Every structure is written in structure tokens, then in C-alpha cells.
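The values are calculated or read from the model by the stated rules, or taken from the named source; none is laboratory data. Quick caveat, the model's predicted, so the values are computed rather than measured. Neighbour counts are summed over all protein chains in view; Cβ atoms, including those assigned to glycine, are modelled from backbone coordinates with ideal geometry.
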Amino acid sequence: VSTVIPIGGDAPYNVVVGHGVADQLPPLVAGAATVVVIADRHVVERATPLADALEAAGHRVERLEIGDGEQAKSLESVAGLWDRLGELRITRSDAMVAVGGGATTDVVGFAAATWLRGIRIVHVPTTLLGMVDAAVGGKTGINTAAGKNLVGAFHPPVGVLVDLDVLATLPAAQWVNGMAEVVKAGFIGDPTILDLIDLDPESAAVPGGTHSRELIERSILVKADVVSVDLRESGRRESLNYGHTLGHAIEAIEHYQIPHGHAVSIGLVFAAALGRHSGRLDDHTADRHAELLTRLGLPTSYRPDALPQLVEAMRVDKKSRGAMQRFVVLDGLGMPAILDDPDSSLLEAAYAEVADG
Ligand SMILES: NC(=O)c1ccc[n+]([C@@H]2O[C@H](COP(=O)([O-])OP(=O)(O)OC[C@H]3O[C@@H](n4cnc5c(N)ncnc54)[C@H](O)[C@@H]3O)[C@@H](O)[C@H]2O)c1
């Protein structure tokens with residue numbers, strides 16, 4: 001049986017989690033003469049049951065393949081998709097389906113947001129990160145010379161179909177990468193996630209572990225809860241940025257050669273330390289960050305001399321507001337709050353907890 005997680009807001013939709021969810025697709029694109037199914041090159045075969053279900057329901061189906069990963073999140077990819085959509089004479093009543101990781105749902109989502117000023121899209125995420133984060137919440141985007149994800153649009157999908165069967169081929173390293181976001185969701189919104197990982201950390205570190213489905217569903221619920229009330233990142237959505245301020249800075253100075261989940265993992269330990277050293281977070285909860293992340297095989301430390309460079313990189317993070325440095329910290333388990341402009345001694349004390357060696 002499938003689990004249905006509703007996402008509220010102006011354009012509500014459901015995230016459906018289950019095994020083999022292709023039969024849920026046709027109703028989401030009702031009325032579309034043509035449906036364009038675009039798959040990441042590593043998961044093209046996952047598009048077959050989706051395309052078959054659409055054809056059986058009477059739609060003309062066009063299948064496209066795009067590259068995977070960050071290179072595919074480019075203006076060239078989007079321009080290529082726009083050209084194909086033009087050749088196929090896709091109208092506003094038609095629809096698109098994106099099948100792949102977060103890079104794919106971001107770039108295809110952006111093409112859908114911009115074609116005819118927005119046509120329907122269904123996301124079918126195939127990575128853990130895509131399922132619990134990228135495909136849910138309506139943000140789409142591409143990378144440009146100016147940086148990662150600086151160009152994009154808010155364009156909520158009409159549905160998200162999470163087929164747990166696709167995880168069978170997901171490399172363990174990709175799973176672990178996504179687990180950083182699952183741990184984040186646990187700390188900001190659902191401590192049961194942390195308890196489930198504690199119960200069986202080895203199985204939480206691989207796709208198809210005992211509690212995989214529950215971890216995925218609970219993480220989606222945390223994101224659903226936040227984005228339902230705040231699509232455009234004015235307030236509560238900021239809590240999703242927990243661990244990401246330092247994480248983004250690490251990614252930037254590593255020129256994006258470090259996996260996102262690794263950077264976030266280090267960022268989470270730093271954010272916990274900020275909470276501790278500002279007298280807001282108890283030691284037990286703060287310590288639990290590095291303990292859990294280490295058990296999952298995620299890194300928790302970084303170069304000891306990197307703080308000045310990281311502070312500089314954090315200044316240009318698009319999520320900082322004006323000249324102010326904002327960090328999401330915890331006042332306790334499941335209690336995210338904002339720490340504005342911590343002074344340099346606080347940053348140094350917190351950074352000492354992630355500095356290795
Ligand atoms: N829009 C948002 O709110 C949001 C949130 C978080 C992250 N993101 C974006 O998501 C992207 C990262 O997503 P990701 O980690 O899924 O990476 P990804 O999309 O690059 O996928 C990682 C790799 O796994 C492969 N893959 C995907 N599914 C597979 C499967 N089932 N079996 C085998 N291989 C598979 C892909 O082809 C790719 O090579 C980043 O670009 C990030 O900016 C967006």
C-alpha cells in the first residue's frame with residue numbers, strides 16, 4: 001500500500017510513497033494530449049513502466065534522456081529541452097515527468113517552470129536526496145557561471161511519486177549522501193528519525209535497510225510540514241537550512257568536488273556546536289550529531305585552517321540576508337531557531353569542534 005503525504009499551500013499536491021507507483025501517474029496528467037517523460041541516463045529503464053501506464057491511459061508519450069549530475073543542470077540542457085518541447089508542439093495543457101536524482105528534477109523542473117510560463121510536471125525522484133528533499137517543495141534551478149542554483153523558479157509539481165523499488169540500483173554512497181538530509185530532518189523536526197537510526201545504524205547506512213521506508217516517509221513529512229506553510233522561504237522554511245550555511249561554504253571552497261551530503265554533515269556538527277557554545281543547546285543533543293553522522297559513515301571534520309575562507313564564502317551565500325550572517329541553530333531537539341550575526345569568538349569556538357587533527 002502507498003502512503004500519501006499532502007503538501008499544502010496555494011498549489012497543493014501529494015507525495016505518494018510505495019512500491020511500483022506507475023499506476024498513480026495518469027490521473028496527475030489528466031487532459032494532457034502529450035506527456036514528455038525525461039529520464040536521467042542512469043535510470044532510463046525506470047521510465048518504461050511510467051510511459052507504458054501513460055500510453056495505456058491514452059496519452060501520446062515522448063521519451064527523452066538527459067545527462068546526469070551537475071553538468072546536466074545547465075542552461076544548455078534547458079535550451080535543449082525548450083527546443084524539443086517546441087518541436088513536439090507542447091502546449092500548456094500538456095505535461096512533463098522528470099525521472100532521476102535531484103539534478104534531474106531541478107533542471108527538468110526549471111524547463112517546466114519556464115516553458116509557456118509553466119506547465120504541469122510530475123517528479124519521480126530516484127535518489128534518497130531527491131525523495132526526501134529535492135523533488136519536494138517546488139524549488140527548481142540550474143547552475144550558471146555565477147554559481148550553483150542561482151537561477152531558478154518556484155514551480156511546485158502536480159505530484160511526486162516515490163517508488164521505493166528504484167533504490168535497488170542506487171549506489172550506497174549516494175544513499176549515505178542523502179542520509180545527511182534525513183539526519184537534519186530528525187534534528188529539526190522529528191527525533192524519531194534519530195531513534196530509528198540509533199536502533200540499527202548499519203541498516204540505516206544502506207538502501208533497503210529495515211527502516212528505510214519509515215526514514216524516507218518521516219523525512220518527507222518534516223519537509224512537507226515546513227514548505228506547506230512557506231513556499232518562498234520567508235520564515236519557517238529557513239529551518240531546512242540547518243547545517244547548510246557552513247555546508248554550502250565548504251562546497252564552494254571545494255569547487256563542488258565534495259558530495260553535498262558530506263558538506264552538510266560537517267555543517268550539521270558545526271551548527272550543533274554553535275547551539276552549544278551560544279548556550280542554547282544541551283551537550284547531549286549537540287554530541288548526538290557527530291555520533292549519528294559518524295555511524296552512518298559521514299564526515300564530521302574539516303581543515304583546521306579553513307575558517308577565514310569559510311566565513312568569506314558564507315558572506316556570499318544567497319541565503320544570507322544583506323550583510324548579516326544568519327545560522328539555523330537548535331534550542332533543543334526539534335526546536336530550530338535563528339542565530340543572527342554570531343561574533344567571531346563564537347564562530348571560532350564552534351569551528352574548533354569540526355577542525356580535524
Ligand atoms: N530543489 C531543491 O529543493 C533541492 C534540494 C536539495 C538538493 N537539490 C539539488 O539536487 C542535486 C543533487 O541531487 P542527487 O544527490 O540526487 O544527485 P544527482 O541527481 O546528481 O544523482 C546522483 C547520481 O545518481 C545517479 N542515480 C540516480 N538515481 C539512481 C538510481 N536509482 N540508481 C542508480 N543511479 C542513480 C544519477 O544518474 C547521478 O549519477 C543538486 O544539484 C542539488 O542542488 C535541490
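Quick one: would you say residue 79 is more than 11 Å from the ligand (Cβ to nearest atom), buried (at least 24 other Cβ atoms within 10 Å of the Cβ) and in a helix (DSSP H, G or I)? Spelling it out, it is not the case that residue 79 is more than 11 Å from the ligand (Cβ to nearest atom), buried (at least 24 other Cβ atoms within 10 Å of the Cβ) and in a helix (DSSP H, G or I). Quick check on residue 124: is it hydrophobic (A, V, I, L, M, F, W, C), out of contact with any helix residue (DSSP H, G or I) (no Cβ under 6 Å at 6 or more places or on another chain) and surrounded by 24 or more Cβ atoms within 10 Å (Cβ to Cβ)? Yes; evaluated as a whole, the condition is true for this residue.
Across the range 197-224, what is the total count of residues that are closer than 12 Å to residue 296 by Cβ and either part of a helix (DSSP H, G or I) or within 11 Å of the ligand (Cβ to nearest atom) (or both)?
Of all residues in the range 197-224, those closer than 12 Å to residue 296 by Cβ come to 197-198, 200-206, 209, 215.
If we keep only those that are either part of a helix (DSSP H, G or I) or within 11 Å of the ligand (Cβ to nearest atom) (or both) too, we end up with 197-198, 201-204, 215.
Total satisfying the criteria: 7.
Of the residues 349, 249, 337, only one is more than 28 Å from residue 209 (Cα to Cα) and in a strand (DSSP E or B); which? Exactly one of 349, 249, 337 is more than 28 Å from residue 209 (Cα to Cα) and in a strand (DSSP E or B), namely 337.
Quick one: would you say residue 112 is free of Cβ contacts under 8 Å to residues at least 60 places away in the same chain, within 15 Å of the ligand (Cβ to nearest atom) and under 13 Å from residue 29 (Cβ atoms)? Steps first, please.
Values: free of Cβ contacts under 8 Å to residues at least 60 places away in the same chain: yes; within 15 Å of the ligand (Cβ to nearest atom): yes; under 13 Å from residue 29 (Cβ atoms): yes.
Considered against the rule, which asks whether it is free of Cβ contacts under 8 Å to residues at least 60 places away in the same chain, within 15 Å of the ligand (Cβ to nearest atom) and under 13 Å from residue 29 (Cβ atoms), residue 112 comes out as yes.
Only one of 106, 94 is within 19 Å of residue 132 (Cα to Cα) and among the charged types (D, E, K, R). Can you tell me which? Checking each option against the conditions leaves just 106.
Looking only at residues that are within 21 Å of the chain's Cα centre (by Cα) and more than 15 Å from the ligand (Cβ to nearest atom) in the range 250-283, which one is surrounded by the fewest Cβ atoms within 10 Å (Cβ to Cβ)?
So in the range 250-283, the residues within 21 Å of the chain's Cα centre (by Cα) come out as 250-272.
Going one step further and asking which of them are more than 15 Å from the ligand (Cβ to nearest atom), we end up with 253, 266, 269-272.
On the way: 253: 17, 266: 25, 269: 27, 270: 29, 271: 32, 272: 28.
If we take residues in the range 250-283 being within 21 Å of the chain's Cα centre (by Cα) and more than 15 Å from the ligand (Cβ to nearest atom), then 253 is surrounded by the fewest Cβ atoms within 10 Å (Cβ to Cβ).
Within the range 145-158, track down each residue that is surrounded by fewer than 23 Cβ atoms within 10 Å (Cβ to Cβ) and modelled with pLDDT of 95 or more. Write out each step before concluding.
So in the range 145-158, the residues surrounded by fewer than 23 Cβ atoms within 10 Å (Cβ to Cβ) come out as 145-155, 158.
Correct list: 151, 152, 153, 154, 155, 158.
Consider the range 16-37 and keep the residues that are out of contact with any Gly (no Cβ under 8 Å at 6 or more places or on another chain) and β-branched (Val, Ile, Thr). The one that is farthest from residue 65 (Cα to Cα) is 17. Only residues that are more than 16 Å from the chain's Cα centre (by Cα) and of a type in the set (S, T, N, Q) were counted in the range 174-216, giving 4. Restricting 222, 229 to those that are under 20 Å from residue 5 (Cβ atoms) and within 17 Å of the chain's Cα centre (by Cα) reduces the list to 222. Within the range 45-62, if we keep just the residues that are within 25 Å of the chain's Cα centre (by Cα) and surrounded by fewer than 17 Cβ atoms within 10 Å (Cβ to Cβ), the residue that is nearest to the ligand (Cβ to nearest atom) turns out to be 45.
Counting only residues that are among the charged types (D, E, K, R) and buried (at least 16 other Cβ atoms within 10 Å of the Cβ), how many does the range 18-44 have? Don't jump to the end; show me each part of the working.
Pass one, the range 18-44, residues among the charged types (D, E, K, R): 23, 40-41.
Okay, now just the ones that are also buried (at least 16 other Cβ atoms within 10 Å of the Cβ), so 40.
The number of residues fulfilling the criteria is 1.
Of all residues in the range 93-104, one or more are acidic (Asp, Glu), more than 11 Å from the ligand (Cβ to nearest atom) and part of a loop (DSSP other than H, G, I, E, B). In the range 1-71, counting only strands (runs of 3 or more DSSP E) that sit wholly within it, the ones holding 1 or more residues that are free of Cβ contacts under 8 Å to residues at least 60 places away in the same chain span 3-7, 60-66. Could you please tell me which pairs satisfy a Cβ distance under 9 Å, a separation of 6+ or placement on different chains, a first residue in the range 174-195 that is modelled with pLDDT of 95 or more, and a second residue that is within 16 Å of the ligand (Cβ to nearest atom) and among the basic types (Lys, Arg)? Pairs that qualify, where the first residue is modelled with pLDDT of 95 or more and the partner is within 16 Å of the ligand (Cβ to nearest atom) and among the basic types (Lys, Arg), are 181/223; 185/223; 189/223.
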